[in-house]
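Visitor: The structure that follows is given in the form of structure tokens.
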Amino acid sequence: MKVHFILRYHTRIGENCLISFGQESPQLLTYLNEDLWHGVFEIDTKKYPTLFYQYHFQAKNGALTSEWETERLLDLSDKTMDYQEVIDHWNPAGAIENTFLTQPFQNIFNPATAAAPTPVGKQTFSHVFKVKAPLVQAGQSVCLLGHGAALRAWDTAAPLVLKRDGNWWTIRLDLTQEDFPLGYKYGIWDHTGNRFLGFETGNNRTLYAPSAGQKKHLITLHDGFMRMPNNTWKGAGVAIPVFSLRSKKSWGVGEFTDLPLLADWAKSVGLKMIQLLPINDTTATHTWTDSYPYSAISAFALHPIFLNVEQLAGKKHAALLKPYLKQQKALNALEAVDYEAVLQMKWDIIRQLYDLLKADWLKDKDYAAYYAANKDWLAPYAAFCRLRDVNGTADFNRWSSHSVYNAKAVEKLLAPGSEQSDQIGLHLFVQWQLHLQLKAATDYCHQKGLAVKGDIPIGIYRHSCDAWMAPDLYNMDQQAGAPPDDFAEKGQNWGFPTYNWERMKNDGFAWWKQRFEQMSLYFDAFRIDHILGFFRIWSIPVDAVEGILGQFVPAIPVTEQELREAGIGFSYERFCKPFINEKILLDTFGADAHWVAENCLEAVKGGFALRPAFDTQRKVEQYFETQKPDERNQRLRDGLFSLISNVIMLNDADAQTGNWKGAFRFGIEKTTSFQYLPEEIKGPLKDLYVNYFFRRQDDFWQIQAMEKLPALKRSTNMLICGEDLGMVPSCVPDVMEELGILSLEIQRMPKASGAAFFHPKDAPYRSVVTPSTHDMSTLRGWWEEDRNLSQRFFNEILGYQGTAPYFCEPWVNRSIILQHFNSPAMWSIFQLQDLLGSDEKLRRENPHDERINIPAIAKHYWRYRMHFGLEDLMAAERFNADLRKMVTESGR
């Protein structure tokens, strides 16, 4: 069949539009004018009785971008038809309407409704109208009116009501007797009141006469999105880690079974979303250091600490729990989570229940289906857990056997009757039970009209099952982190290996797609932790301890030639090695300078150099781990760290003279190495530094992100929110806007250069506004940190005159919360602690006890817990009524 495709899309000279059929390679369309492209193709109807096709855009540099539309289907089965014409609109990924076609909107907030369309009988038809309208409410339908009898002559009392077919609203009409061109518009018909509500905005759409000379033909109009207000929907949510929940039935820590209680409360006050921190298994050492939720031993497995053992035991085995009830009560009464005690108690109970339940569990057909669907990650994870415990470490490099992953060897370990199969089965059993409890909890949230938002960590734990299975997916000789900022002057070193994006790209990002698929079993939306890592990552050598020695990767390097052309010159010894002279030594170590010079340094021309035993931060760290942990040794260690990082440039030490290329160390002006440079080169060096970090990389980093994020976004229909905080390249907002990824806006972390604060009223629509996150102090804690800053905030942002209260009083806290509710942002999400801060009776006495994480502390204990139960929260009538009022009056 001959098919004529017409695409409405604005292009410029040098740009092209293409079309692809099925899985075939794209073919070039013909340029008509700057707004129209077309092409006529002979389609093999035996191969494609139903044709899926898609448009693509080719930029001047040859880069190819596919439109976001994935539902262009053309019925070619009518053998009496010899010609079809299709008129399409390009669907960009960043169209706001596409946001409303994501999982939470389709499944929860605005599920598809079936209303009776206008009957068209079995009449012949010449035109098919299709349009998308994701914001049509329940009890409403899209309708069509226009010129001519067939389009009801603009009669709003009797419009043509379209039928919903997937995400399209469609109707087939016979327009062969009409005079063209025809003007038409879509509108909304209310079935409940049996009335016309109004037309879409904008000018009339125009339909021109079909091409002459065709015998039997059909014209299909894919009219894109109905033109409706698309920035009025708003929602609010609460953010809290699962471990922070508290109920009468929990066992010393929040559990998946506590989520329904949270959902009941959230629903009662009008919230629409529950946001959680990562819930993956982090058990590496069986100590409190595993409390860090962003350091999972599996990107897929759930954490056993969230399993409710009482539900697992049921009435049949309730007696088994009696010896633990006193301990459960004591742990549940603690102000914070005792991670080690809770986990040990739970594992004691789980092992006993496993022995009692495993016979029936292995016969469970539902479990068999779950195992088959998740075997790729589940079997290796279970084996990994057993090998971790047998060897006493998660560091697989130190295992006595199986240190290199082998799928067949894992199968043997799991084989029934093998020496380890029963203990490995314990971990399979636990994951199945966790899945059941989490699925039931999130299903309950959905029934209450609540979306559940998860969190995707940017990294993986170095000694994780993921790294064991596929070390080639990661740069194991590097560590991910963040450059220095106001919160961490030495930068952050998260310890995770960085991603080998080239290797991941080779298999179509299969690991990421599997990860998203697993998340979508429970979550409707997710937050990409440190989305900047998809543009570039702060990569720290494995021999460094502090983030200050990192550099952005990938990046366009600074070269020796550039330095020479700028009149700076180049000296490898002076720029790339720690600069240490006698004054620096005395200023850093004081009375201990002589000891450092004698034991850690060697004299060289013009000063000192580090001895090989102390020439990296990791070596220094290892040395002082063997020494007495007193204040002096800590001071010596930190001083040596400072000496090692006292460099101007970071590079490959094997670079040959004349061909050197590398990176600037971040914050060179603060180094004494920079201060001792000749004055005449400081200015040019600083200019090149600014160019390196803030100018030359933007286009390059945008290309890097667009090689990853579109493919990853296509692999899931969850709503994606990016954590775009920190040192944000100017290309990041453009990419997020182009892809329809929601940004994160925080009042005390303005993105505008030179601004002290961000006002929620200035938030873009497609964003999430929040007063604080888990990585910072709560509102009340922040208010007390800097008196001058809170005074400015009180006057400039809240608009009050006079002296600010010393403490963040409930009325001040409420004013800040209200600003966020009234923001134009799509989502306002609050930590529970910040919401409670508005109530004098409910808020915690000490606001500093509410903080979840301190990023500057590498081994922070994540143990914050609500100071009263969810049952008490539900009963707090005055607080709930006030919160419900704020939600309702803000239109959320």
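Visitor: Quick check for me: using +1 on Lys/Arg Cβ and -1 on Asp/Glu Cβ, what's the dipole size of the chain about its Cα centre, in debye to the nearest 20?
Guide: Once rounded to the nearest 20, the dipole reads 1900 debye.
Visitor: Taking the square root of 5 times each eigenvalue of the Cα gyration tensor, what semi-axes in Å does the equivalent ellipsoid of the range 529-672 have, largest first? Don't jump to the answer; show the numbers that get you there.
Guide: On the way: eigenvalues 157, 83, 31 Å².
Ellipsoid half-lengths, sorted descending, are 28, 20, 12 Å.
Visitor: Is any residue of the range 68-88 close enough, with backbone N under 14 Å, to a label point placed 7 angstrom from the Cα of Arg8 along the Cα-Cβ axis, and if so, which?
Guide: In the range 68-88, the label zone of Arg8 (backbone N under 14 Å from the point 7 Å along Cα→Cβ) covers 86-88.
Visitor: Quick check: at a probe of 1.4 Å, how many percent of the accessible area of the chain sits on carbon and sulfur atoms?
Guide: In the chain, the share of accessible area belonging to carbon and sulfur is 51 percent.
Visitor: From the list [x] 52, 32, 27; [y] 69, 39, 22; [z] 51, 37, 30, can you say which value of semi-axes √(5λ) of the Cα gyration tensor in Å was derived from the structure given?
Guide: [z]
Visitor: Given H placed on each backbone N at 1.01 Å, which residues far from Ser539 in sequence or on other chains put an amide H within less than 5 Å of it?
Guide: Gln551, Phe552, Val553
Visitor: Sum up the charges of everything whose Cβ sits under 13 Å from the Cβ of Asp355, counting Lys and Arg as +1 and Asp and Glu as -1, but leave Asp355 out. Don't skip to the end; give the middle numbers.
Guide: Numbers: positive: Arg351, Lys358; negative: Asp348, Asp360, Asp422.
With Lys, Arg at +1 and Asp, Glu at -1, the net is -1.
Visitor: Under 29 Å between C-alpha atoms is the cut-off here; go through the range 581-694 and count lysine pairs that meet it, provided they're at least eight residues apart or on different chains.
Guide: Counting lysine pairs in the range 581-694 gives 19.
Visitor: Net charge near Phe757: determine it from the other residues with C-beta under 15 Å of the C-beta of Phe757, scoring Lys and Arg +1 and Asp and Glu -1.
Guide: -2
Visitor: What residue among Gln447, Ser418, Leu739 has its Cα farthest toward the positive end of the dipole of the chain, where the charges are +1 on Lys, Arg and -1 on Asp, Glu, each on the Cβ?
Guide: Gln447
Visitor: Next up: Give the long-range amide H neighbours of Glu85: residues separated by 5 or more places, or on another chain, with amide H under 5 Å away, using H modelled in the peptide plane at 1.01 Å from N.
Guide: Result for Glu85 returns His4, Leu218, Ile219, Thr220.
Visitor: Per q in 0.21, 0.27 Å⁻¹, report the Debye log10 I(q)/I(0) for the range 18-78, using one uniform scatterer on each alpha carbon and no solvent.
Guide: After summing over all Cα pairs, the log10 values are -0.92, -1.28.
Visitor: First measure r as the distance between the Cβ atoms of Val40 and Ala372, then evaluate 1/(1 + (r/R0)^6) with R0 = 30 Å and state the FRET efficiency to the nearest 0.05.
Guide: 0.05
Visitor: Continuing with the same structure: Report D for the range 370-421 in µm² per second (integer): Stokes-Einstein, Kirkwood Rh on Cα pairs, 20 °C, 1.002 mPa s.
Guide: 188
Visitor: Keeping every protein chain present and rolling a 1.4 Å probe, give me the accessible area per residue for the range 738-811 in Å². Before the final figure, lay out each step's value.
Guide: Values: 3150 Å² over 74 residues.
About 43 Å² of surface per residue is accessible.
Visitor: Farthest toward the dipole's positive end in the chain, which of Trp361, Leu601, Trp377, given Cβ charges of +1 (Lys, Arg) and -1 (Asp, Glu) about the Cα centre?
Guide: Looking along the dipole axis, the top candidate is Trp361.
Visitor: Also, I was wondering about something else. Work out, in µm²/s and without decimals, the Stokes-Einstein translational diffusion coefficient of the range 279-360 at 10 °C, 1.306 mPa s, Rh from Kirkwood over C-alpha pairs.
Guide: Working: Rh = 13.8 Å.
It comes out at roughly 115 µm²/s.
Visitor: Take the residue pairs Lys490/Lys577; Lys46/Lys79; Lys375/Lys439; Lys234/Lys885; Lys329/Lys859; Lys272/Lys885 and return only those whose Cα atoms are more than 21 Å apart.
Guide: Lys329/Lys859
Visitor: Mind checking the dipole of the range 693-748: about its Cα centre, +1 per Lys or Arg Cβ, -1 per Asp or Glu Cβ, Debye to the nearest 20?
Guide: Approximately 140 debye in magnitude.
Visitor: Per DSSP H run of n ≥ 4, the term is -39500 (n - 2.57); total these for the chain, divide by its residue number, and report the mean residue ellipticity at 222 nm rounded to 500 deg cm²/dmol.
Guide: Details: 28 runs with 276 residues, N = 892.
Here the helix-only value at 222 nm equals -9000 deg cm²/dmol.
Visitor: Something else now. Counting pairs of Cα atoms in the range 218-292, how many percent are more than 17 Å apart?
Guide: Result for the distance tail: 63 percent.
Visitor: Skipping prolines and chain starts, which residues have an amide H placed within reach, meaning under 5 Å, of the one on Trp494, given they are 5 or more residues away or on another chain?
Guide: Those qualifying (amide H under 5 Å, at least 5 residues apart or on another chain) are Ala480, Gly481, Ala482.
Visitor: Moving on to the next point. When you take every Cα atom in the range 160-249, what is the radius of gyration, and what is Dmax, the widest Cα pair distance, in Å?
Guide: 22.1, 78
Visitor: Further, regarding this structure: Around Ala593, under 14 Å between beta carbons, what's the net of Lys plus Arg minus Asp minus Glu among the other residues?
Guide: -1
Visitor: Right, another one. Got a sec to turn the phi values of the range 546-554 into Karplus ³J(HN,Hα) couplings, 6.51 cos²θ - 1.76 cosθ + 1.60 with θ = phi - 60°, whole Hz, x for Gly and Pro?
Guide: 8, x, 4, 8, x, 8, 6, 9, x
Visitor: For the range 41-86, which trypsin sites (Lys or Arg not before Pro) are both in a DSSP coil and crowded by at most 12 other Cβ atoms within 10 Å?
Guide: Working: sites: Lys46, Lys47, Lys60, Arg72, Lys79; in loops: Lys46, Lys47, Lys60, Arg72, Lys79.
Filter output for the range 41-86: Lys46, Lys47, Lys60, Lys79.
Visitor: Let me ask another. So what is the accessible area of the range 452-597 per residue, in Å², with the probe set to 1.4 Å?
Guide: For the range 452-597, the solvent-accessible area averages 37 Å² per residue.
Visitor: Once you place label points 7 Å from the Cα toward the Cβ at Thr232 and Leu818, how far apart are they in nm?
Guide: The modelled label-to-label distance comes out at 2.5 nm.
Visitor: Report, as a whole number in µm² per second, the diffusion coefficient that Stokes-Einstein gives for the range 487-561 at 4 °C and 1.567 mPa s using the Kirkwood radius over alpha carbon pairs.
Guide: Value of D from the Cα-based Kirkwood radius: 87 µm²/s.
Visitor: So how compact is the range 760-892: Cα radius of gyration and Dmax in angstrom?
Guide: Spelled out, the Cα radius of gyration and Dmax of the range 760-892 are 15.1, 42 Å.
Visitor: Something else about it: Find, to one decimal place in angstroms, the Kirkwood hydrodynamic radius of the range 352-462, where the mean of 1/r is taken over every pair of different Cα atoms and then inverted.
Guide: By the Kirkwood definition, the hydrodynamic radius is 16.0 Å.
The values are calculated or read from the model by the stated rules, or taken from the named source; none is laboratory data. This structure is a prediction, so every number in the text was calculated from the model and none was measured. Heads up, the Cβs are rebuilt from the backbone with ideal geometry, glycines too, and the neighbour counts pull from every protein chain shown. Note: areas computed on protein heavy atoms with side chains; ligands, DNA, RNA excluded. Shrake-Rupley method; radii C 1.70, N 1.55, O 1.52, S 1.80 Å.
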